[in-house]
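Engineer: Before anything else, here's the structure in question.
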Amino acid sequence: MRLVVDLNRCQGYAQCAFLAPDVFAMHGDEALLYNPHADDTQREHVRRAVAACPVQAILVEGLDETVGAAAASVEGMAP
């Protein structure tokens with residue numbers, strides 16, 4: 001999973017830092033620090049952070065890979 005935060009768009013609301021503290025952190029009142037290669041164990045936390053960002057500044061590549069795999073798995077189980 002690869003993340004990019006548009007720092008020109010980010011307004012420092014810090015919702016991401018509350019929802020995924022192992023990936024996002026505020027440095028001072030306005031500077032956001034983040035891990036651009038978050039571990040897959042953080043997937044659900046990152047998903048919540050992306051959804052909560054009021055300015056939609058967080059872009060994630062590969063966030064839905066697990067969802068797609070789970071859906072394919074469920075389809076294979078259908079009678």
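The values are calculated or read from the model by the stated rules, or taken from the named source; none is laboratory data. Keep in mind the model is a prediction, meaning the values are calculated, not measured. Ligands, DNA and RNA are stripped out before the accessible areas are found, and what is left, the full protein with its side chains, is counted by its heavy atoms. Shrake-Rupley method; radii C 1.70, N 1.55, O 1.52, S 1.80 Å.
Engineer: Kindly indicate whether Ala20 is open to solvent by less than 60 Å² (accessible area, probe 1.4 Å) and either over 10 Å from the mean Cα position of the chain (by Cα) or among the hydroxyl-bearing types (Ser, Thr, Tyr) (or both).
Structural biologist: Here the answer is no, as Ala20 does not meet what is asked.
Engineer: Shifting gears a bit: Find the residue count for segment 23-33, including only residues that are in a loop (DSSP other than H, G, I, E, B) and either open to solvent by less than 40 Å² (accessible area, probe 1.4 Å) or under 22 Å from Leu63 (Cα atoms) (or both).
Structural biologist: Counting residues in segment 23-33 that are in a loop (DSSP other than H, G, I, E, B) and either open to solvent by less than 40 Å² (accessible area, probe 1.4 Å) or under 22 Å from Leu63 (Cα atoms) (or both) gives 1.
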